[in-house]
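Just so you know, all these numbers are worked out from the coordinates, no wet-lab data involved. Just so it is clear, the structure is predicted and the values come from calculations on it, not from any experiment. Positions of Cβ are generated from backbone atoms using ideal geometry, with glycine treated the same way; all protein chains shown enter the neighbour counts.
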């Protein structure tokens, strides 16, 4: 088993900086997902690991061996491509076995291996078909079998499911997860789909504009976002982010004259421009006389079945709350919302980084991560 | 544009039939004349109905123009040119499309520009090269002073010569470079998705292996189309074989032999034999097209293209 280590990895096309220096250690046997919006450099990073792109600066090591100058075939990686990239003129058998053929494995041995791998992804009835005669999901499985048959040190997935329909995607996700569990091969998976990322990953690498924003377990990234970008990007509905500042009196001021009383949060932050973040599921509807209740006006609601989302305005700032009650809530209705100060996150608005809030908040966050 | 009216249909059919007749009439006259006796073919007005002397005319034409060995020559030359063109065109397009070297666009435009320079335009320099294929090297040696150096050092005068006149390589090689073929292959290669190239890299195959095991099988239908066009056009070459061969008895091609079939102005006006000869000579390209047609269609309807 082999670990991947990236240190100071940069990619430049002519004068365009695409990846600005990435330092990440990937443990052996780990399933790492690189997540980010399109154009953030995540695919470029993966392709640099694969050897399909030159590394402008920095070093990539696989299994302790620097691979910067190695050809893709010498790196021991297998890759699954977004558009499957199957050889259209070869049968499924030939497609899966091509790498072995190139490596000069004798035919009998090769066929036995291909059959074994094909069985493991239930492709054995289709071995003599051409890719053109298969469905999207089957083609994707051929692409995976082709990667598996080489018994690589590292699996690389480049948005492999983006051409599949939603249902198939869920099925393939489970298949990849099982595969990883049974083979235990270090895997790097690139996607822009956060559900995919959250469900598959042992650890997530969140990228934005060529920079790694945060590396961590899915629950860590969700409950303890390191930056404004991560807070906003992860989670659906997105985290409530309210822009404002803490006054001398400890109140958080926002919107049009809005004031929130958040005991214990404001120390050392007075007059710094910040964004206050809180997950919608931690915002509660409360009675008007409850402690910390804020008067709000319902803008609209979104029905999700088990619950609904209330989009409300509090003194000119938008707050989203998850509500499980069945009360009739129409546009313009006054309600009261509140959330606990320990559930809030504060981000410096200028740097976009998280501000450490002290023990109470960290404890609450830790409890949630470990839950 | 879909038009469905009887009048429009009638007009389209009329135009198509007219065009077809324009194309087919000369062939019909050739066939009819080739099947007539000398009396029938010289009568006025000409009879447009076939007669019964086809076989004997074919026999006469075959013997008179010595078509047996000439047919073999034509076949060798046309196949050689076709194969050469395909090999050269596919390899040069491969280099231009899949390799990122500095002069790649320059190379492409140089090749592309030769589209504007058909053989007829460059026939004199081409002949000069064919007369001594090593001449460019000689010039290079002379200009750089290497031949002078060798002569002063060893006393041997450097004079390279490789004469291609009156030889199969001479008839084939100058026709092998083809901008059309390169362009066709380039267009096809550009439709190959990058991911396929990358997948084969990940599978560990080198460039030549990728070329041979992925690109060539995928371009099969293109190759057959190109081969058909090239075979017909090189079969029909007249000027170049005529120019480069003086030994017509050994190296003549059938198209050159058409001349030998034309009746002597002072001799017997047996145009029926000439026409029968023409029929024989145009048969092979016709067969090639007819046979290749099946592959075209198969290539067009195949799903995994």
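Values for this structure:
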quantity	calculated
Per-peptide average of other Cβ atoms within 10 Å, ordering A:307-317, B:91-101 highest first	A:307-317, B:91-101
Range of Cα positions in the range B:107-247 per principal axis (Å), largest first	58, 41, 25
Convex hull volume of the range B:1-144 per residue (C-alpha atoms, cubic angstrom)	270
Angle in degrees between helix B:6-34 and the longest Cα principal axis of chain B, rounded to the nearest 10	90
The range B:141-222 - convex hull of alpha carbons, volume per residue in Å³	205
At q = 0.12, 0.16, 0.23 Å⁻¹, base-10 log of I(q)/I(0) for the range A:248-371 (Debye sum, equal scatterers on each alpha carbon)	-0.48, -0.84, -1.43
Kirkwood hydrodynamic radius (C-alpha pairs) into Stokes-Einstein, the range A:1-127, 37 °C and 0.692 mPa s, D in µm²/s	196
Inter-chain shielding of A:81-87 (mean C-beta neighbours from other protein chains, 10 Å cut-off)	6
Descending semi-axes in Å of the protein assembly as shown, equivalent ellipsoid built from Cα gyration tensor	75, 33, 24
Column: log10 I(q)/I(0), Debye, Cα scatterers of the range B:179-235, q = 0.16, 0.23 Å⁻¹	-0.55, -0.92
Test item: B:189-200 mean partner chain Cβ contacts at 10 Å	5
Percentage relative contact order, the range A:1-105, counting C-alpha pairs under 8 Å, at least six apart	26
Residue A:66 paired with residue B:24, simple spin-label distance in nm, labels 7 Å along Cα-to-beta-carbon	7.5
Most mobile listed residue (A:287, A:201, A:306) in chain A, GNM with C-alpha springs under 10 Å	A:306
Estimated FRET transfer efficiency (residue A:238, residue A:54; beta-carbon r; R0 45 Å; 0.05)	0.80
Additional length obtainable on full extension of the chain from residue B:103 to residue B:127, 0.36 nm per residue less Cα span	5.8 nm
For the range A:196-313, diffusion coefficient by Stokes-Einstein and Kirkwood Rh (Cα), 37 °C, 0.692 mPa s, µm²/s	200
Residue-averaged [θ]222 nm for chain A, counting only DSSP H segments that reach four residues, each worth -39500 (n - 2.57)	-8000 deg cm²/dmol
With Cα atoms, 0 to 90° folded angle of helix A:166-183 axis to chain A main axis	70
Helix A:92-102 axis, angle to chain A major axis (alpha carbon atoms, nearest 10°)	70
Highest-first arrangement of A:109-116, A:220-227, A:190-197, A:140-147, where packing means the average Cβ count within 10 Å	A:140-147, A:220-227, A:190-197, A:109-116
Alpha-carbon spread of chain A, three principal axes, descending order, Å	79, 46, 36
Other protein chain Cβ atoms within 10 Å, averaged over every residue that makes up A:96-103	4
Packing-based ranking, highest mean first, of A:350-358, A:210-218, A:270-278, B:37-45 given that Cβ atoms within 10 Å are counted	A:210-218, A:270-278, A:350-358, B:37-45
Distance histogram in 5 Å bins (all Cα pairs of the range B:1-46, percent per bin)	5, 18, 16, 14, 11, 10, 9, 7, 6, 4, 1
In nm, spacing of pseudo-spin labels at residue A:133 and residue A:162 (7 Å Cα→C-beta vector)	3.1
